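The values are calculated or read from the model by the stated rules, or taken from the named source; none is laboratory data. Only a predicted model underlies this, so the values are computations on that prediction, with no experimental measurement involved. Heads up, the Cβs are rebuilt from the backbone with ideal geometry, glycines too, and the neighbour counts pull from every protein chain shown. Ligands, DNA and RNA are stripped out before the accessible areas are found, and what is left, the full protein with its side chains, is counted by its heavy atoms. Shrake-Rupley method; radii C 1.70, N 1.55, O 1.52, S 1.80 Å.
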Amino acid sequence: MALGYLAIIKNGEPIPPTLSLWKIGAWILAAATGARTVGFAMNRIVDRNIDAKNPRTAIRDLPTGRMNIKQAYAVLFAGFVLYLIAALQLNSLCLILSPIPLIVFCIYPFLKRFTVFAHFGVGLSLALGPLGGYFALRPVIDAANIPIIFLTLFTWFWVSGFDIIYSTSDEEFDKREGLFSFPSKFGKKRALQYSGVIHSIAFILLVGLYISAFYGSIIVGIFTLLAGYLLYLEQHKADDVELAFFKINSILGFVIFTFVIIGVNLAV
C-alpha cells in the first residue's frame with residue numbers, strides 16, 4: 001500500500017476518491033486476514049494425516065482432535081468470505097485478481113508430494129501480499145509498478161529461502177515419508193547452500209527496490225544494508241532453526257517494513 005501511495009504521489013495522480021486511506025488500509029488488513037486464514041486452513045486440512053505422523057506437528061489442532069474437519073472447513077469458508085468481501089470493497093482490479101492467491105493457497109500444500117520446489121510455493125503465497133496491497137490503492141498496471149515488482153520478487157525469494165532453513169528440522173521425516181524438500185533431496189548442508197544463494201538473490205532484488213524507489217536516501221540505504229546483514233546472519237545461524245527462523249527472520253521482517261515506510265515518507 002505504501003509503495004502504491006508513493007507511485008500516486010510521484011505520478012501526480014489523485015488518491016482514489018471512493019475510500020479514505022484509513023478505510024483502504026482496513027480493507028487491506030481484512031483481505032490479508034481472510035487470505036491467510038484460507039491459506040493456513042487449507043494447509044492444515046491437506047496435511048492433517050502427515051501432521052499426525054510428525055512429532056513436530058502432531059500437537060496441531062486437527063491431529064489432536066481439538067478441532068474436527070468440519071470446523072476446519074468452516075474456518076476456511078469464513079476466511080474465504082472475508083477475503084472476497086474485502087476485495088469487492090477495494091476496487092474492481094482487486095476483485096478480478098482475487099482468485100489468484102486462492103489458487104496458490106489450494107495448490108502449494110500438495111507440492112511437497114511432487115517437487116522440491118514446494119518451498120517456492122510457500123514463498124509465492126506470501127509474496128502476493130505486497131502486490132495486493134499495492135493494487136488496493138493504485139489499481140493500475142504500468143511502468144510505475146517496477147518498485148512493487150522488486151518488493152514482490154524479494155518477498156518470494158526471501159520466504160522461499162527461509163522455508164528451506166525451516167524444513168531442515170523435518171529432513172529425516174520427509175525422507176521417511178517420501179516428501180519432497182531441499183533437505184530431503186540434497187541433504188541439510190547442500191540445502192542450506194541453496195538457501196544462501198536464494199537469499200543472495202533476494203538481497204539483489206531489495207537493492208533493486210532501493211534503486212528504483214529510494215535511490216539517494218542514506219537512511220534507506222542503511223536499512224538495505226542491515227537487511228542484507230540479517231539475511232547473512234540468518235544463513236550463518238541456520239543450524240539453529242529456532243534462532244534463525246523465529247528470531248532473526250522476525251527482526252528482518254520489521255526491518256523491511258521500516259525500510260519501506262521510511263523510504264516512502266522521505267520520498268514524498
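Among LYS70, LYS175, LYS188, the largest mean-square fluctuation in a Gaussian network model of the chain (Cα springs under 10 Å) belongs to LYS70. Shape analysis of the chain places it in the oblate category; the axes a ≥ b ≥ c from the Cα gyration tensor give an a/c of at least 1.5, with a/b not above b/c. Of ALA127, ALA35, ALA26, the residue with the greatest mean-square motion in the GNM of the chain, using alpha carbon springs below 10 Å, is ALA26. For the chain, the solvent-accessible area works out to 50 Å² per residue, with a probe of 1.4 Å and every protein chain left in place. Legend: distances between Cα atoms for LYS53/LYS175; LYS23/LYS70; LYS175/LYS247; LYS53/LYS247; pairs beyond 23 Å are LYS23/LYS70; LYS175/LYS247; LYS53/LYS247. Split the accessible area of segment 75-195 by element, probe 1.4 Å, and carbon with sulfur accounts for 74%. Computed from the Cβ-Cβ distance with R0 of 41 Å, the FRET efficiency linking SER92 to ILE261 stands at 0.90. With a simple spin-label model that places each label point 7 Å from the Cα along the Cα-to-Cβ direction, the separation between LEU225 and VAL241 comes to 3.4 nm.
A cut-off under 13 angstrom between Cβ atoms defines the neighbours of THR57, and their net charge, with Lys, Arg +1 and Asp, Glu -1, is 0.
What the Cβ-Cβ distance of VAL81 and GLN193 gives, at R0 = 30 Å and to the nearest 0.05, is a FRET efficiency of 0.10.
In terms of the mean number of neighbouring beta-carbon atoms within 10 Å, the peptides 100-106, 115-121 order highest first as 115-121, 100-106.
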